[in-house]
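The values are calculated or read from the model by the stated rules, or taken from the named source; none is laboratory data. Just so you know, these numbers come straight off a predicted model, no measurement behind them. In this analysis, Cβ positions are derived from the backbone assuming ideal geometry, glycine residues included, and neighbour counts consider all displayed protein chains.
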Amino acid sequence: MSTDEQALRRTREAVLGGSRTTDAPRDTIAASWRRVSSVGLDPGSGAEIPPLAAAEVARRRQASGLSDVISSLTESLRAVIDAGQLVVVADADGWVLWREGGHAVRRLADGLGFVGGSAWTEGNVGTNAIGTALVLGEGVRVQGPEHFVESHTRWGCAAAPLTDPWSGRTLGVLDVSGPSRGMHPAELALVETVARLTSMQIVARRRAELDVLRAHAAPLLARMSGDALAVDRFGHVAAAIGVRAPERVALPDDLRGGSVWLPTFGQAVVEPLAGGWLVRLDPGVATEATSVVLDLRAEPTLRVDGTSGGWARRLSRRHAEILLALASAGPAGRSAADLAEDLFADRTRLTTVRAEMSRLRRLAGSVLQSNPYRFTPGVAVTADLPDEPTTLLPGSSAPIVRRRRVG
């Protein structure tokens, strides 16, 4: 064990053992340890989460939106694989979907339970690069004793989120792992670079699809009167007539056409187009939201009803955590620092909170306000939580979730 790792181990034993010490882990690691400790994870054992069945792994691979980029992604890291390390891709919920590496490193990973279909979130296995990168939304390196669970302390990992900037979704996490003695500090920069290149590849494909939709929709709109938009399946506007259109429209999930209610625009009639939707607007219909339901009993969902209709959207775990914090706060709302404490146990992560709130407000429209962040006054807010509180948002290590799990 290197001198650095010996020092990290002494710090870990002192901090997690509750001893007085002048040493402290890095801020990122210290905040993660606080989050993980607050959910009751045992550093001596970790959680016992059985791996997913093969059929569920296959389903999640298909649903992840990453299948088309896995080959190019792993080839970009071929030198790392040839050097004896493991390349792993997990989905946005932290489930390991793909692993590539030599027999020796895969055998070591198997001994940690780091196998296909395993749950690798902070809430399940403590501080680790995959789970912590999902929490923070940024690249993370975890060296040996910086792991929370004892059995992982001779392992090293570097991970970065895989994002689709076009849809605004986190698709998963790219991770490089192996025995900590073989991990180089520069590997985090390498992983982050490959993750960014993957995002650029996804956006380039989406832009090409939007160009095709625009070419198809523009002549159609030119023959129409009134307010209408052509949007792709993610809501990006390809063409518009008679209305000052935003770059993107928040579409409800499971859109099938017909009469719908859209945030900001109100009542509309939607018809399918090749690669997207034709949206005809009724500017005379009121758009105010009257009630909000945050449903966290199964897959997190936000439902909004207005004066002329309603819509529903599935939520990422991060957006579900934020809305739970705002629903718990009531009319007083939460400041950016308050939300940083609710989500990360770290009041300094203001930039991350503001970026997430910007994305969430684009999705929810006028339902949310800022300064402080809160639900719009006059909108009735209901949070539907599981009957068994301990099952709330499985895998989450956010302090706001822990507080609601214990009542």
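In the condition set (1) out of contact with any Lys or Arg (no Cβ under 8 Å at 6 or more places or on another chain); (2) within 26 Å of GLU321 (Cα to Cα), ALA186 is compliant with all but (2).
Each row is one residue, and each column tells you yes or no for (1) surrounded by fewer than 16 Cβ atoms within 10 Å (Cβ to Cβ); (2) over 25 Å from SER358 (Cβ atoms); (3) touching a strand residue (DSSP E or B) at 6+ places or on another chain (Cβ under 9 Å); (4) at pLDDT 85 or above.
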| site | (1), (2), (3), (4) |
| --- | --- |
| PHE234 | no, no, yes, yes |
| ALA239 | no, yes, yes, yes |
| GLU247 | yes, no, yes, yes |
| ALA250 | no, no, yes, yes |
| GLY257 | yes, yes, yes, no |
| PRO272 | yes, yes, yes, yes |
| VAL279 | no, no, yes, yes |
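Within the stretch 28-52, the only residue that satisfies the criterion of being charged (D, E, K, R) and touching an Asp or Glu at 6+ places or on another chain (Cβ under 7 Å) is ARG35.
Considering the stretch 137-167, and only residues there that are buried (at least 24 other Cβ atoms within 10 Å of the Cβ) and part of a helix (DSSP H, G or I), the residue that is farthest from the chain's Cα centre (by Cα) turns out to be PRO145.
Checked against the criterion of being more than 27 Å from the chain's Cα centre (by Cα) and hydrophobic (A, V, I, L, M, F, W, C), the stretch 244-255 contains one or more residues that satisfy it. Residue check: VAL379 meets all listed conditions (1) on the phi > 0 side of the Ramachandran plot; (2) in contact (Cβ under 8 Å) with a residue 60 or more places away in the chain; (3) not basic (Lys, Arg) but one, namely (1).
For the stretch 327-347, the criterion of being out of contact with any Lys or Arg (no Cβ under 6 Å at 6 or more places or on another chain) and closer than 21 Å to PRO263 by Cα is met by at least one residue. Only a single criterion out of (1) touching a helix residue (DSSP H, G or I) at 6+ places or on another chain (Cβ under 7 Å); (2) within 19 Å of GLY131 (Cα to Cα); (3) among the β-branched types (Val, Ile, Thr) is not satisfied by THR391, namely (1). Considering THR28, THR11, THR74, which residue is in contact with a Pro (Cβ under 9 Å, 6 or more places away or on another chain) and polar (S, T, N, Q)? Every option except THR11 fails the conditions. Output the residues belonging to the stretch 194-217 that are hydrophobic (A, V, I, L, M, F, W, C) and farther than 13 Å from SER167 by Cβ. VAL194, ALA195, LEU197, MET200, ALA204, ALA208, VAL212, LEU213, ALA215, ALA217 - these are the residues of the stretch 194-217 that are hydrophobic (A, V, I, L, M, F, W, C) and farther than 13 Å from SER167 by Cβ.
Considered as a group, the residues in the stretch 225-250 that are part of a loop (DSSP other than H, G, I, E, B) and free of Cβ contacts under 8 Å to residues at least 40 places away in the same chain include one that is nearest to ALA364 (Cα to Cα), and that residue is VAL249. The conditions of being surrounded by 14 or more Cβ atoms within 10 Å (Cβ to Cβ), within 25 Å of ARG256 (Cβ to Cβ) and touching a helix residue (DSSP H, G or I) at 6+ places or on another chain (Cβ under 9 Å) are not met by ASP227.
Filtered by the rule that a residue be part of a loop (DSSP other than H, G, I, E, B) and not polar (S, T, N, Q), the stretch 105-136 gives LEU112, GLY113, PHE114, VAL115, GLY116, GLY117, TRP120, GLY126.
Under the condition of being small (Gly, Ala, Ser) and at pLDDT below 95, which residue from the stretch 333-361 is surrounded by the most Cβ atoms within 10 Å (Cβ to Cβ)? Checking each candidate, the answer is ALA345. Where helices (runs of 4 or more DSSP H) fall entirely within the stretch 324-407, those with at least 1 residues that are farther than 26 Å from GLY123 by Cα and basic (Lys, Arg) are at 350-364. Looking only at the stretch 368-393, residues that are of a type in the set (A, V, I, L, M, F, W, C) and either within 21 Å of the chain's Cα centre (by Cα) or not assigned by TED's automatic domain parsing to the domain that holds LEU326 (or both) come to 5 in all.
Residues of the stretch 104-136 being more than 21 Å from PRO161 (Cβ to Cβ) and buried (at least 24 other Cβ atoms within 10 Å of the Cβ), which ones? Answer for the stretch 104-136, where residues must be more than 21 Å from PRO161 (Cβ to Cβ) and buried (at least 24 other Cβ atoms within 10 Å of the Cβ): there is none.
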